[in-house]
Amino acid sequence: MWRSLLLRGSTCLLQVAAPRFLHQSHLPSLSVRLLTQRLLHRPPCGLDLLGKEFPVSPITITEIKQYLRSKDIPFHDGYSCFHIPSIFVDPSARRDSFSLFIDKTTGQFLCKDTLVEGSWEDLQDCLEVMQKEEQDFLSPHVLLGYPESLEEQEERERELREVQRIWSSSVPLTDLPEDEVQLIKTMFQITKVSNATLKKFGVRLFKPTKSLVFPWFGGPDSSLKGVKLLSAQSTDTDKVTYNEATVPKSNSYYNLFGLPLVGRMDAEVVLTGHELDTLAVSQATGLPSVALPRGVSCLPPVLLPYLEQFNRVTLWLGGDIRSWEASKIFSRKLGLRRCSLVRPGEYRPCPVEALAQGKNFSHIIKSSIPAAHKSIVSFKQLREDVYGELVNTEQVAGVKWVRFQELNRILKGHRKGELTVFTGPTGSGKTTFISEVALDLCMQGVNTLWGSFEINNVRLAKIMLTQFAMQRLEENLEQYDFWADKFEELPLYFMTFHGQQNIKTVLDTMQHAVYLYDINHVIIDNLQFMMGQENLSVDKFAVQDHIIGAFRKFATNSSCHVTLVIHPRKEEDDRDLQTASIFGSAKASQEADNVLILQEKKLVTCPGRRSLQVTKNRFDGDVGIFPLDFIKSSLTFAAPIKGKHKLRKVAAKPENGEVEGSEVAVKKEEVKKEKAEKVAKTTKTPRTIKKPATDNESMQK
Ligand SMILES: Nc1ncnc2c1ncn2[C@@H]1O[C@H](COP(=O)(O)OP(=O)(O)OP(=O)(O)O)[C@@H](O)[C@H]1O
C-alpha cells in the first residue's frame, strides 16, 4: 500500500473549514511534498478517498524510533516529540543541533530553524532521498507547497494588510499620557499590571475600538504574524467581560503569547489561558510565561515543539472548573511527568485576578499539583477535588443547552467523559434531533466531532446549517455566505467515513481527533454501522455490548463525551420504547451514563410531535420526559407552544392515560385565557393581554 500524502490520521477527518495541515506561524505556508516522489509514484488523491480506502493506522513511538535507528539518525526522546538534527540546514551552519521535532503521537514534524513542516511520511520521503543521493541535508526549496487558490492567496494578503494596519495605527500604552493609561487599566481591571510589563510584552492600544492589542511575533525573523484585539465591558456586578478578535481568524491564530521573551536556556514556564494572565505571572514571579492562543478550548499540537525545552511546565489556566479540566487534559499532551497544575479555588483565582488581590504567586506555583497521578490515592489527595465539586455545582454539572431548557432541567448539563446512548424508532428524527442538540453545545465552544455513517457529510452539514440559521436557506440563497461564514467558525469536525466501518478504525480516528483538536464531544450515528465487520458468528448482542464497552472506555480515558445513536432492538407501534428495547444485555445498559429515547406518538392533531425521554441519568438520577414540536422549515425542535396544541389535544381522544388531572386544569385555564384574549381584541386593549407566541418567536426558543 502506498503511503498517505496527507497527515496520517487526518485522512479520516474533515473540518468545516478547509483543513490546514501546515503550521500557520509562517506565511506563506510551506508544505513538504517531494515533487519527484509524488509525481513518479503516487496518484493525486482526495481526502475523502484516502479516508475511505486507506484506514488509519496511527504511528507508534516504537515505529518512529525503529525507523530513525534504521537510518542511523541520532535523536533525543523528548516530552511530546523526538528531536533530531535538522535535515534542512547545512550541518556546518546548524545553530541548534537538534532542531527538528517529530510529534510522538502523529509523526508530524517541524524544523524550528527553517519552519519547514509536514507529515511523518513526508519526513521519511526526505530521508530516503537524502540517503539515495548521499546528501548531508536538503534544501527546503526542493519541496513543493500546496498550491494556494487565488481566493486563499487574496485572503492571506488581505489579512496581512489588516494586521499591519491595526498594528501601525495602535499606540504603545507607555506612549500615552499617564491618566489615559490609568483609565485603560481600570477599564480592563489590570491596575496592578505595571507600565514596564506592558512595554516588555509590546502591548498596544487600538484607539478606535479602545482595544488592547497583543502582537504575535514569530518565525526566524521574528516578524509580525498577527494580532489579538481585546475589548472590555463592565457588567452590573462590577465584573468585566472581555471580547476578543484575532487576525488571522482564530482557527489560524497559533500564537504562544510571550514566546519571544523566553530564553533558549529557560527550563521552566508557566502556561496560562490568557494574555493578561501571562502579564500577571511574568510581573509577579519573573518566570517565563506564555499564553495559549485560544484559551482553555484547545492546545494545538503544532505548538508542542515550542514547549519542548521546558523541564517543568506549570499550567495555571484560569480560576474555574473548565480551566482545571483543560489543564488535566493538556498535561497529557505535554507529558505528565513535567507538568504541575494550579488547582482553581478561592485562594487561587486566575493570575490576573490573583495579582489584583495581592496573592502570593510563588506560593501558588509551589503548591501546584504534579499531573502524574498514582493509581492508588487517599482521601487526603481527593479532598480538594471533592470540595471543588461541592462549591462549583453548576460548573460541575457541565455545559448548559441554550435551546433545550428541559434537558438542562433533567440532565443538568453536558459533561466530559460521559457516554450517552440515544435511540428512537426508525425515521422518527433521531439524526435531526441529535444534530441540533450537538449544534447547541458546539455553538458554546464544545469542540465537536461527527461520525455520520448513514447520511453523508454534505447532507448532515446542510441540516446543521439550516438549524443554525433557523430558516430554509434554499429560499434565501443570498444569505448563504453570511451563515456559512459564521458556521465555519464553529469548532466542528466530521469523520469522512461512510457505510460499514471497523470499530478500531473509528476509535483510532476519534483518538487522533482528540489529540489534534481537543474534541470534547463525539457523535456516532449509528452503532449499527460498526456491527457489520465484527465476527457475526458471535452473538449479535455480545458484539453490540463489546462496541458499547469500547466507546465507554474511550469516553472515560479521553475525557470526551460520546453520544451513540442506536436503533432499537424491537419496535412495537403501540408501545413506547424502553431502555430494554435498546440493549442486548443489562451489562451494556450499565455502561451508559445517560439513556435518551425519542418517543414517537402518532398524534393526528400534532403529527410532528415527539417526546424526549431520559430513562437513565447517572450524574444525579433525575429522569423524565418532555414534549417537542418539530419545526419543519428550520429542522429544529421546540417546546410546544402552550395553548395552541394543548387545546387541540383536549379535543382529541386522550392517549393511553396520558391526560393527567393537573393538565386538564391548565387547559381550562388556557381556554379561559383565550376567551379573554378574544374579548380583549374586541375591546381594543391588547397591551393588557399577553400575546401568544408566534411561530417565529417559538423558533427563537
Ligand atoms: N418530528 C418530526 N416530524 C416529522 N418529520 C421529522 C421529524 N423529525 C425529523 N423529521 C424528518 O424525517 C426525516 C427522517 O429524519 P431522521 O433522519 O432524523 O430520522 P432518523 O430517526 O435518524 O432515521 P433512521 O432511523 O433512518 O436513522 C427527515 O426528513 C427529517 O427532516
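The values are calculated or read from the model by the stated rules, or taken from the named source; none is laboratory data. Computed from a prediction, not measured in an experiment: that's the story for all the values here. Cβ coordinates were reconstructed from backbone atoms using ideal geometry, including for glycine residues, and neighbour counts include every protein chain displayed. Note: accessible area is taken over every heavy atom of the protein model, side chains too, but ligands, DNA and RNA are not part of it. Shrake-Rupley method; radii C 1.70, N 1.55, O 1.52, S 1.80 Å.
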For this session: Within segment 343-352, track down each residue that is basic (Lys, Arg) and either within 19 Å of Glu275 (Cβ to Cβ) or touching a residue at least 40 places away in the same chain (Cβ under 8 Å) (or both).
Result: Arg343
Exercise. Among the listed residues Lys416, Lys504, Lys412, which satisfies the condition of being free of Cβ contacts under 8 Å to residues at least 12 places away in the same chain and under 19 Å from Cys560 (Cβ atoms)?
Worked result: Lys504
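Looking only at helices (runs of 4 or more DSSP H) that lie completely in segment 454-527, which have at least 3 residues being under 25 Å from Thr60 (Cα atoms) and more than 16 Å from the ligand (Cβ to nearest atom)? Outline the logic, then answer.
Numbers: elements: 457-469, 480-488, 503-517.
Of the helices (runs of 4 or more DSSP H) lying wholly inside segment 454-527, those with at least 3 residues that are under 25 Å from Thr60 (Cα atoms) and more than 16 Å from the ligand (Cβ to nearest atom) span 503-517.
If you take the residues of segment 631-645 that are open to solvent by 60 Å² or more (accessible area, probe 1.4 Å) and either at pLDDT 90 or above or of a type in the set (A, V, I, L, M, F, W, C) (or both), which of them is nearest to the ligand (Cβ to nearest atom)?
Taking segment 631-645 and keeping what is open to solvent by 60 Å² or more (accessible area, probe 1.4 Å), we get 632, 639, 642, 644.
Filter again for either at pLDDT 90 or above or of a type in the set (A, V, I, L, M, F, W, C) (or both), leaving 632, 639.
Working: Lys632: 7, Ala639: 13 Å.
Among them, the one singled out is Lys632.
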Exercise. Does Thr448 satisfy being buried (at least 22 other Cβ atoms within 10 Å of the Cβ) and in contact (Cβ under 8 Å) with a residue 60 or more places away in the chain?
Worked result: yes
Seminar exercise, completed: When Thr423 is run through (1) in contact with a Pro (Cβ under 7 Å, 6 or more places away or on another chain); (2) open to solvent by 80 Å² or more (accessible area, probe 1.4 Å), the failure sits at (2)
Exercise. Among the residues of segment 353-364, is any over 20 Å from Asp518 (Cα atoms), touching a residue at least 40 places away in the same chain (Cβ under 8 Å) and of a type in the set (Ser, Thr, Tyr)?
Worked result: yes
Exercise. When residues of segment 69-102 are filtered for being within 20 Å of Ala267 (Cα to Cα), touching a strand residue (DSSP E or B) at 6+ places or on another chain (Cβ under 8 Å) and touching a residue at least 40 places away in the same chain (Cβ under 8 Å), how many remain?
Worked result: 5
Problem set entry | Candidate set from segment 425-436 (those that are in contact (Cβ under 8 Å) with a residue 40 or more places away in the chain and farther than 12 Å from Asp525 by Cβ); member that is farthest from the ligand (Cβ to nearest atom) | Glu436
Problem set entry | Sole exception among (1) over 30 Å from Asp77 (Cα atoms); (2) under 28 Å from the mean Cα position of the chain (by Cα); (3) outside the structural domain of Phe330 (by TED's automatic domain parsing) for Phe188, by number | (3)
Problem set entry | Meets criteria (in the same structural domain as Ile523 (by TED's automatic domain parsing) and open to solvent by less than 70 Å² (accessible area, probe 1.4 Å)) for Lys416 | yes
For this session: Could you please find all residues in segment 193-210 being surrounded by 17 or more Cβ atoms within 10 Å (Cβ to Cβ) and under 22 Å from Gln233 (Cα atoms)?
Result: Val193, Leu198, Val203, Arg204, Leu205, Phe206
For this session: Taking Met530 as meeting all but one of (1) more than 23 Å from Leu411 (Cβ to Cβ); (2) surrounded by fewer than 23 Cβ atoms within 10 Å (Cβ to Cβ); (3) within 16 Å of the ligand (Cβ to nearest atom); (4) not small (Gly, Ala, Ser), write down the number of the exception.
Result: (2)
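Would you be able to tell me the number of residues in segment 426-446 that are assigned to a loop (DSSP other than H, G, I, E, B) and either of a type in the set (A, V, I, L, M, F, W, C) or modelled with pLDDT of 95 or more (or both)? Don't jump to the end; show me each part of the working.
From segment 426-446, those assigned to a loop (DSSP other than H, G, I, E, B) are 426-429, 443-446; that's our starting set.
Still in the running and either of a type in the set (A, V, I, L, M, F, W, C) or modelled with pLDDT of 95 or more (or both): 443, 446.
Of the residues in segment 426-446, 2 are assigned to a loop (DSSP other than H, G, I, E, B) and either of a type in the set (A, V, I, L, M, F, W, C) or modelled with pLDDT of 95 or more (or both).
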Seminar exercise, completed: In the set Leu271, Leu279, Leu307, Leu317, the lone residue that is under 18 Å from the mean Cα position of the chain (by Cα) and among the hydrophobic types (A, V, I, L, M, F, W, C) is Leu317
Exercise. So which residues in segment 489-502 are open to solvent by 10 Å² or more (accessible area, probe 1.4 Å) and either assigned by TED's automatic domain parsing to the domain that holds Ser297 or over 13 Å from the mean Cα position of the chain (by Cα) (or both), if there are any at all?
Worked result: His498, Gly499, Gln500, Gln501, Asn502
Exercise. Mind checking which residues of segment 211-232 are exposed (fewer than 15 other Cβ atoms within 10 Å of the Cβ) and in contact with a helix residue (DSSP H, G or I) (Cβ under 9 Å, 6 or more places away or on another chain)?
Worked result: Ser222
